[in-house]
Structure formats: C-alpha cells, structure tokens
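Written out below as structure tokens is the structure these notes cover.
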Amino acid sequence: MAAYADEGPLGQLVAWLTDPGHWTGPGGVPTRLLEHLELSALAVIAGIAVAVPAGLVIGHTGRGAFLATSVANMGRAIPSYALLLILFPVFGFGLGAPLVALLLLTIPPILTNTYVGVRSVDRDTVEAGRGMGFTARQILLRIEARLALPLVLAGIRTAAVQAVATATLAALIAGGGLGRFIVDGFARRDEGQLLAGALFVGVLAIVTERVFGFLERRAVPPGLLSGRGAEVATPGAPVGAGRA
Amino acid sequence: MAGATVEFRHVTKRYDRGHKGRGAVNDLSLTVPAGNICVLVGPSGCGKTTTLKMVNRLIEPTSGEILIDGRDVQKEPVTELRRRIGYVIQQVGLFPHLTIGQNVAVVPSLLGWSNARKAERVEELLTLVGLDAARYRDRYPHQLSGGERQRVGVARALAADPPVMLMDEPFGAVDPIVRERLQNEFLRLQRELAKTILFVTHDIDEAIKMGDVVAVMQTGGVLAQFGTPTDILANPSSDFVARFVGADRGLKRLSLMRVADLELRPPVTARPGDHAAESRSRALADPFPYLLLVDTDGRPLGWLDERSIPQTGVITDAMAIPMSPLVGFDTTLKDALSMMLDADVHAAIAVDEQGCVHGLVTVDAIAEVMQRRADRWSR
Amino acid sequence: MIRWDWIGRNLDDIAESLAEHLTLTVIAVLVGFALSFAASLLIHRRRWLYAPFTSVSGFLYTIPSLALFAFLVPFTGLSLLTAEIGLVSYTLLILIRNTVAGLDGVPAEVREAADGMGYSRSQRLWRVELPLALPVIVAGLRIATVTTIGLVMVTALIGQGGLGQLMLRGFNRQFPTMIYVGFVLSVALAVIADAALLLAQRALTPWSRGGVR
C-alpha cells in the first residue's frame, strides 16, 4: 500500500477503497453502514411515532399550534453537534446520547409539516366531508391525513437527512457508523480513510434525500399534481430544519 | 398642461400562434382630439388594452405609428416618454413601501424636482382628488380603502401634469357605488383639466357615460365603430356593435338625452282665483286636457282634471290633486321616464332653478323621440 | 455540577471563543449573501438559471457538514478557508431561494405601474422590487444566520469552531462545565442574532404590518 502514499489525496482514496481489508469484519464498511442505518432509522421511526400523531391532533383541533411552531424554531436554534455534546455528560459514551439527540432532531420537522399539512387542507373539503356524514375520525384519517401526506413525507425526508448527518457526528460518542471513518481519518491523519468516510456519508445523504423525495412525489394525490410552487424558508415554515 | 392629439396610423400588433390571437390589433387608425376622453371598449381579448399599452410602449407595435401632437412615440427614449404620460391601472399598483405622498411624487422624483416643489404638488393633487392631504400624505397604501387607493392612483398619474393619460379599467376593482362616485368625480375633474384620455373598459355603460368618443373593438383587434356615444347607440354600424351595445340601446340612449334636448309641451295653467268656467273650457280644448295650477311666481301647485274643475265660481288651491314629478333641464330622459312610471302619471313638470314651470315632459314626447331615431336607423 | 469558579477564571477565554464564533458566522453569512444576491439577480434576469443554481446549492445543502469538511481538508487543510467554504456552501440554497422568491413576490401590477411611470430597469429593481422583497430576503438571512451559528460548532473538528472548540475541549477532558457554557452561549447567540435581524427588518420596512409576510 505504501506505493500509493505519495499519490495525493485522490490516490490515497482509491488505495483505501481498493483495500479488501476495509470491507470486512467489525470495522469494515458494511458493518459501519449497517450501524449508521440502524441508528438513523431508529431515530426516524421513533420521531414519526411521536410527531405524526401529535401533528395530526394539533392540526385537526387547532389547539397547541403555538407549541408546534415553538418546537420547530427550537429545532433550528439548537444545533445537532451541541445537542450531542450536551447530552454526553448525561448519558456518557454509547448509544444513549446519540439516540436522544437524533430523536429530538427528527421531531420538529415532522411535527411542523404534519401540523401545517393538516391546517392547509381546504376547509371547504372538510366541510363537504362533514356534510356527507363523515365522522370527525373519518375526516381526520380519510381526508386530512391523506391530503397532508405529501407535506408529512417532506418533513420525514428532512428528518431522515438530518438523522443521517447527525449519526455521522455520533461517531464521536458512540464509536460506530460511517462517521467513524472520518473521525479516525482526522485522528490518524489518514487522508484516504477521511475521504472514503466523507464519500460514504455524502452519498448516503443524497440517496436518502432522493428516495424520500421520490416517495413524496408518489404520494401527491393525482388531482393535486400541479405542485405547490417554490419553497420559501420563513422562520416557522415547514421547510428544512437546521443542518448537521 | 391641456391635452394633446393622439393619432393611431395603421397600427398592427401580431402575436405568435401560441398566443391564440388574443390581444392582437389589426390596422387600427383613429384620432383622439386633444382634451377628449376616448373610451376603448369591447369584449375581452379584443386588443383594447394592447392598444392602450402601445401608446406608452409597454407593448411595441408590429407596424404602424402612434403620434402624440404629431410626434412619433417610437422616436423618443422610452422612459422619458412614459414619464410624460399618466398611467392608471385597475389594480392601481401603488408602491406598498412608499407613503401616499411619496407615491404621488414618484414621477416628479424621477424628473428630479426639488422637495419643496414635490411637497406642494402632492398637497395640490391630493386635494384635487378629494383627499385631505394632511391626513393621507404619510399613510401607507395598505391603510387605505379601495376607493381611496384608486384616487391616489389618479393623483399619481397626474403628478407631472401629463397632456395624455392612459386608464386601464381604472374603476373596475371597486364596488358599484364607489365606482359611480369616482366616475362622476373624474368627469368633474376632467372638465377642469381637459387632458386627452384613453380609457379602456369592457362595460358599455361606462363607455357611454365616460366617453366623448367611443371606439368599439371586436375580437381580432378590429375597430368596429368609432364615434360619439349617441352615434353608436343610434346607428350601430354592424350586427356586432348592435349586439354589443345591447338590446336596450334605446333606453341607454335616453340616458344620454336630457330634458333640455326635448321640445317641451306648454301646459294649460291657471292661478288660484281664476274663473273656473273659462279655465275649464281652455283645458278641455287642449289635446292634453288637464289644468296645471301655479302660484303667482309660476311655481306648480298641482293638477286639476275634468272632474275636479268646477263649472262655476273660482279656482282654489284646495282643489288641486297631487303633483306630478318635477324634473330639471339636466335630468336625463331615462330618469324622467322612470319617475313618471313610478308615479303612474303621463307627464312630468319641467322647472327651472327657481322652481318655475317651463313646460311638460310627457311619455308620448319621449316615445316620439325614440320613434324618430328608430326611423333613422331603418333608413 | 457547573463549576462557576472555572467560568470566573476563564472569562477571557470564553469571550475569545464567542468572538471567534461570531466572526466565523459573520464572514460566512456576508460572503454567502454576496454570492447568493449576485446569483439571484442573474436568475431574476435569466429565469432558466434557477434550476441549475438551486440544484447545485441543494446538493451542497444535503451533504452532511462533517463529510463536506472531511472532503475539503486534504485540499485546503485544517484552515479558516476550509471552514468558510463549508459554511458559505450551506447558506446558498436558503438565500438564493428566498431572494428569488422575494423578487417574484412583487405584485405584477406594482411592476407594471413602475414601468408605466418610466422607471428604467435598474431603477425598478433597486427602488421598487428589492425594497419590497426585503422581508422575504431577511427571513432567509435569519435562517441562514441561525443555521450557520450551529454549523460553526462542527468546524471545531477541523481546528476552528469558536464555542464548538470550547465544547470539544470540554468533551475531550470530560469536563461538562465547558460543554454547558458553549451550548448556552451558542443558543443565546442564535436567538439574539435572529431577533436583531428581525428588528432591523422591521425598522427598514415600516410599511409592512407584521415582519414576515
């Protein structure tokens, strides 16, 4: 391998990637990827379980709207890196701090988007549903939830990308995941490993974003295909939360 | 500055096929005399707005020329041209970030007027359009009602005293009551200002009311008829114009004619104290066999018919039966007719400003005027 | 739990971290805004540029910050430049999107009135369109600023980082007080910066009723 050492950063990247030793065992790429996905998925699923029902109820009843927007703004003001480190003294090393941090970061975008999605359902449509004899529960589940779905998925997309990004930082504390390659790369001044880690994380984030974007477009009811125009970020609006 | 003549010479505007021909203008030639309001009216897509916007070159014609006082608009720098032409649109388009005073002073600012001169002009114009300058000058547009905003729009267009004004459905976005008031105020204003005004509307009633001359346009940007409102109502040049002005064009024409235009029928009059027998025989000899009782100044007191005039003795005002409607010389025939129908009578009494009787307006006389015009149409 | 005495003894150190944090943020937001503003004016004139500009900045926005810094380090080193390249990259999407949306949000009739009264193109842009777009542009600046304050933390891993550096040292030394101080100050900085921008926008746009439309 020493033969490649002088070939600059890209040469070292290629050397690292082509070393079969890096693709097997407990420190290998597949294991790290699995760890990364496990942590992210757990956080997103937990986030959905908490935020979607809460958002539906807030949107349907209109009560707690202030809470929903405050949570969204807090999610932006508290950076993920800081959140991870602040939880560290509480949980110490291991999965505890990263899991709680990720969960706290996935809730705001999902909650806000669900709430806004339900709120923005045309009131005439709801009125028509009521007129046809839908119960409150049927209105919520068959009309509001269905029409809010694209926005809910947009929130989940933001949360998922956020989770993948923050799971990278989690390597500092939990020791696993793809972020480990970056952290170790820095520590050992191993540019090949550093770039490989960056590549894996970057690709995973882009793929996550694309997959959820695809699901989101599929979920738009055919009658609403004209789309919702360009997104504009306003504080409190249902677009991307903070970055990690 | 009083108005300038605006002349269109063979003006054509063509759009690509994707545009479906809406808004195109086809070989338009007409001359708007200085100081006149020319209303461009027609169904949507007939090219009336395109015609308007070619004057200040928001749209450039495909061919032909437009002259203002003999000068070709194409030969002037476009921003300078626009600063000398007032422009009023339906949505007003006030600048939300400027106060009312700053909005009115927009063109003066572009022209580099001094602050003192601008302030004076703003005050003058707001007063002119009926807004208290001290109260409105420092407000923002969102603090005004639709009607107030529209007045500011007119003031802004007048700021640099342009000889020509373009108005694109200026009163289209306000409710009918406010519209009526703005129309009347604007006509009063125009009597003082005597600008040359091109005015776009799709409402034939507004066209008839506002226009000194009216250009009726039809789809494809063809000028269907150009003339005074009376002309167009009396002699529509084609089926299209006749349909566009509506089946009630006779009634519409009545709204253009006033009592003063009519030959008034002299009534048979008597004063309290006159001999009943003599008055009775005079009244019954008239084709309109009623006696109008007037006071010594000639003001009407009431009517007497055959049954209520006694055979002998003198006439007293207690004998009079209720009055017909009173109309002035300025009352339109449409209003006069409507008053008569409401009161269920055959005649209205035309009085001067002192209230003295000048003659009678009868339903028959109005019918006759309409009949006379109808004969001319079929000629 | 919190060692107040440590805070008392290290006030200078803490102030320095705070100042460094602020400097990193201000540079990133100013440079990001200058680039985004120029890009937005280009897009305003040439509409077709919108898609390529936003997909590139969207791509950058999606890449996790640690990965982006890791990409850059082999080329630009553990330097301020590396930090700023990354930080600026993350402001672009928000700022371009909001500036363009602000300009697009100018009502058509206002634009038409400006043309009709004889504004030149640049007069219309600077005197009418940009003032009216200001609330949406500032909304973008607020989000970009708060986001950047959070991301500056991560630059601690490449030797920069202001308050992030403070937190990282606290983490490495297992000394929670440093972590708490860094956390509280960074959140306070974000909240204050956000409020300051909002107030500035209110002062600059006396015509709009609320802040953001």
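The values are calculated or read from the model by the stated rules, or taken from the named source; none is laboratory data. The structure presented is a predicted model; accordingly, all values stated were derived computationally and were not measured. Neighbour counts run over all protein chains shown; Cβ positions are idealised from the backbone, glycine included.
Quick notes
- Pairs with Cβ under 9 Å, 6+ apart, first in segment C:139-164 and touching a residue at least 24 places away in the same chain (Cβ under 8 Å) and at the interface with chain A (Cβ under 7 Å from one of its Cβ atoms), second in a helix (DSSP H, G or I) and among the basic types (Lys, Arg): C:Gly140/C:Arg97; C:Ile143/A:Arg76; C:Val146/A:Arg76; C:Thr147/A:Arg76; C:Gly150/A:Arg76
- Only a single item in (1) farther than 21 Å from B:Ala207 by Cβ; (2) assigned to a helix (DSSP H, G or I); (3) more than 8 Å from chain C (Cβ to nearest Cβ) is not met by B:Arg82, and it is number (3).
- Single residue of B:Leu193, B:Leu198 found to be in contact with a helix residue (DSSP H, G or I) (Cβ under 9 Å, 6 or more places away or on another chain), within 14 Å of chain C (Cβ to nearest Cβ) and at pLDDT 90 or above: B:Leu198
- Of all residues in segment A:168-183, those that are without any contact (Cβ under 8 Å) to a residue 24 or more places away in the chain have Cβ atoms under 6 Å from Cβ atoms of residues that are part of a helix (DSSP H, G or I) and basic (Lys, Arg), 6 or more apart or on another chain, in A:Ala171/A:Arg180.
- Wholly within segment A:1-102, helices (runs of 4 or more DSSP H) carrying at least 1 residues that are within 16 Å of the chain's Cα centre (by Cα) and within 15 Å of A:Ile173 (Cα to Cα): A:29-61, A:80-91
- Single unsatisfied condition, C:Ala108 versus (1) in contact with a helix residue (DSSP H, G or I) (Cβ under 8 Å, 6 or more places away or on another chain); (2) among the aliphatic types (A, V, I, L, M); (3) more than 14 Å from chain A (Cβ to nearest Cβ): (1)
- Taking (1) touching a residue at least 60 places away in the same chain (Cβ under 8 Å); (2) aliphatic (A, V, I, L, M); (3) in a loop (DSSP other than H, G, I, E, B); (4) crowded, with 18+ Cβ neighbours inside 10 Å in turn, B:Leu98 satisfies each apart from (1).
- Filter result (farther than 24 Å from A:Ser80 by Cβ and within 13 Å of another protein chain (Cβ to nearest Cβ)) within segment C:28-53: C:Ser40, C:Ile43, C:Arg47, C:Tyr50, C:Ala51, C:Phe53
- When C:Arg202 is tested against (1) in a helix (DSSP H, G or I); (2) at the interface with chain A (Cβ under 10 Å from one of its Cβ atoms), just one condition goes unmet, and that condition is (2).
- Residues within segment B:195-222 that are surrounded by fewer than 24 Cβ atoms within 10 Å (Cβ to Cβ), touching a Cys at 6+ places or on another chain (Cβ under 8 Å) and outside any strand (DSSP E or B), tallied: 4
- Condition broken by C:Ala114, with the remaining ones in (1) surrounded by fewer than 18 Cβ atoms within 10 Å (Cβ to Cβ); (2) within 14 Å of chain B (Cβ to nearest Cβ); (3) among the small types (Gly, Ala, Ser) satisfied: (1)
- Residue within segment A:136-150 that is within 14 Å of chain C (Cβ to nearest Cβ) and modelled with pLDDT of 85 or more present: no
- Residue pairs whose Cβ atoms lie under 9 Å apart, sitting 6 or more positions apart in sequence or on different chains, and linking a residue in segment C:178-195 that is more than 9 Å from every other protein chain (Cβ to nearest Cβ) to a partner that is among the aromatic types (Phe, Trp, Tyr) and assigned to a helix (DSSP H, G or I), are C:Met178/C:Trp6; C:Met178/C:Phe171; C:Val181/C:Trp6.
- Any hit, segment B:258-274, residues being under 23 Å from the mean Cα position of the chain (by Cα) and surrounded by fewer than 18 Cβ atoms within 10 Å (Cβ to Cβ): yes
- Residue count for segment A:186-201, restricted to those that are among the charged types (D, E, K, R), more than 8 Å from chain C (Cβ to nearest Cβ) and either closer than 13 Å to A:Arg32 by Cα or in contact (Cβ under 8 Å) with a residue 60 or more places away in the chain (or both): 1
- Selection status of A:Ala205, within 11 Å of chain C (Cβ to nearest Cβ) and either touching a strand residue (DSSP E or B) at 6+ places or on another chain (Cβ under 7 Å) or modelled with pLDDT of 90 or more (or both): yes
- Once segment B:324-360 is narrowed to residues that are in contact (Cβ under 8 Å) with a residue 60 or more places away in the chain and among the hydroxyl-bearing types (Ser, Thr, Tyr), the residue that is surrounded by the fewest Cβ atoms within 10 Å (Cβ to Cβ) is B:Thr332.
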